[in-house]
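Worksheet for the structure shown next.
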Amino acid sequence: MVFPVPNPVDIQGILGCPDEPVHLATGGFKAVYRFVGADGSLEALKAVFIPPTTDGRDQSLREQIVARTRREIQVLSVCKSPYLVRLGSFAVSLQVIAGHEYLLYSEELLPGASLVAWSPPSPEALYELFHCLVQVIAELARHGFVHRDIKPGNVMATGIEDRPFVVLDLGIAFNFQGTSLTHGGRGPGTPVYMAPELLLPDYKHTIDFRTDLYAAALTVYSLATGSHPFAPKVAEPLYTTAMRIMQVVPVPLAEARPDLSHRFCRIIDRCMKKKPALRYAKLDILERDLGEVSA
């Protein structure tokens with residue numbers, strides 16, 4: 001669905017900032033702008049389009065968009081890992097712009113770029129990346145959340161010494177204590193980075209932090225090898241890709257990257273096991289093993 005992108009001048013009037021915000025990107029139902037926050041730092045203003053209600057289906061979509069936006073803000077409000085993006089100075093607000101409704105809120109604007117084109121990563125960079133991702137997963141799990149969409153496009157390489165990698169986009173985070181935002185079928189997210197259990201109709205009964213571990217390990221594996229073990233080179237039906245995710249066992253990482261620590265490679269291979277029970281059952285054990293890699 002194509003939605004009306006708010007004019008930066010209208011955004012400026014709502015924010016009350018001295019300079020006109022700069023439109024950065026548009027995707028899905030969201031437009032993103034750069035602006036200068038109250039403390040002088042750069043922030044990212046997100047304008048989430050709320051579609052009007054014309055029938056039952058539109059009402060369901062509207063409710064889901066609002067719920068996911070508020071879920072993301074909830075997660076970022078309680079989870080405080082340095083490797084998670086932080087909320088900005090503009091609190092969530094429902095606004096009418098040019099006759100259309102939007103949820104507006106801001107996050108910090110991070111330097112750097114996503115990992116989509118990040119190559120070739122050194123062993124040290126890969127170790128650090130996975131460490132940061134595990135810390136995020138652990139923080140989310142402590143508060144009852146699963147990210148569900150960890151992938152290179154949702155991780156920023158910032159160049160910040162104490163925050164080298166930062167995870168973004170928690171709009172489809174799963175809350176164990178909350179109300180489900182989806183109804184049956186496979187889970188939402190990016191298919192090629194989904195853990196096998198997310199492709200099953202009853203995924204809500206099996207999902208936990210190990211689902212994020214799988215996606216984090218697959219992200220590291222894909223970046224380390226320069227190719228995705230399940231993504232096709234040419235377009236193919238989603239069910240074909242899903243079958244590959246469910247059945248194909250990737251080449252062990254140590255064979256593809258012999259310069260990496262074999263202990264580290266075994267950790268990544270284990271986190272990418274098809275069955276959650278074969279991955280790490282406790283994050284403290286995983287963190288201990290990672291500590292031995294860096295030692």
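The values are calculated or read from the model by the stated rules, or taken from the named source; none is laboratory data. Treat the numbers as computed from the prediction; the structure is a model and nothing was measured. When we count neighbours, we look across all protein chains shown, and the Cβ atoms used for this are built from the backbone with ideal geometry, even at glycine.
Couple of notes before you dig in:
Each row is one residue, and each column tells you yes or no for (1) at pLDDT below 90; (2) of a type in the set (Gly, Ala, Ser); (3) touching a Lys or Arg at 6+ places or on another chain (Cβ under 6 Å).
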site: Pro8; (1), (2), (3): no, no, no
site: Asp58; (1), (2), (3): yes, no, no
site: Leu61; (1), (2), (3): yes, no, no
site: Val75; (1), (2), (3): no, no, no
site: Ser89; (1), (2), (3): no, yes, no
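- Within region 69-87, the residues that satisfy the criterion of being of a type outside the set (Lys, Arg) and under 18 Å from Ile160 (Cα atoms) are Ser81, Pro82, Tyr83, Leu84, Val85, Leu87.
- Among (1) out of contact with any strand residue (DSSP E or B) (no Cβ under 9 Å at 6 or more places or on another chain); (2) outside the structural domain of Gln135 (by TED's automatic domain parsing) - the single one Phe90 does not satisfy: (1)
- Verdict on Pro232 being crowded, with 18+ Cβ neighbours inside 10 Å and under 16 Å from Tyr193 (Cα atoms): no
- For region 51-105, taking the residues that are among the aliphatic types (A, V, I, L, M) and in contact with a His (Cβ under 8 Å, 6 or more places away or on another chain), the one that is surrounded by the most Cβ atoms within 10 Å (Cβ to Cβ) is identified as Val75.
- Selection of region 48-69 for residues being within 28 Å of Ala141 (Cα to Cα) and in contact (Cβ under 8 Å) with a residue 24 or more places away in the chain yields Val48, Gln64, Ile65, Val66, Ala67, Arg68, Thr69.
Per-residue answers, yes or no, for (1) assigned to a helix (DSSP H, G or I); (2) at pLDDT below 95; (3) outside the structural domain of Tyr193 (by TED's automatic domain parsing):
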| residue | (1), (2), (3) |
| --- | --- |
| Arg244 | yes, yes, no |
| Val251 | no, no, no |
| Leu260 | no, no, no |
| Cys265 | yes, no, no |
| Asp269 | yes, no, no |
| Lys273 | no, no, no |
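- For region 139-169, residues that are surrounded by fewer than 17 Cβ atoms within 10 Å (Cβ to Cβ), part of a helix (DSSP H, G or I) and either of a type in the set (Gly, Ala, Ser) or not assigned by TED's automatic domain parsing to the domain that holds Glu124 (or both) total 1.
- When region 5-41 is limited to residues that are touching a Leu at 6+ places or on another chain (Cβ under 7 Å) and in a strand (DSSP E or B), the one that is nearest to Val66 (Cα to Cα) turns out to be Val32.
- Selection from region 270-290 of residues that are more than 21 Å from Leu200 (Cα to Cα), surrounded by 14 or more Cβ atoms within 10 Å (Cβ to Cβ) and of a type in the set (A, V, I, L, M, F, W, C): Leu283, Leu286, Leu290
- If you filter region 12-39 down to residues that are farther than 19 Å from Asp169 by Cβ and in contact (Cβ under 8 Å) with a residue 40 or more places away in the chain, you find that the one that is surrounded by the fewest Cβ atoms within 10 Å (Cβ to Cβ) is Asp39.
- Residue count for region 64-105, restricted to those that are out of contact with any Asp or Glu (no Cβ under 8 Å at 6 or more places or on another chain) and closer than 20 Å to Tyr33 by Cα: 17
- You will find that of Pro237, Pro191, Pro201, the residue that is surrounded by fewer than 21 Cβ atoms within 10 Å (Cβ to Cβ) and either in contact with a Ser or Thr (Cβ under 9 Å, 6 or more places away or on another chain) or at pLDDT 95 or above (or both) is Pro191 and no other.
- Take the conditions (1) of a type in the set (Val, Ile, Thr); (2) surrounded by 20 or more Cβ atoms within 10 Å (Cβ to Cβ); (3) in contact with an Asp or Glu (Cβ under 9 Å, 6 or more places away or on another chain); Val48 misses just one of them, which is (3).
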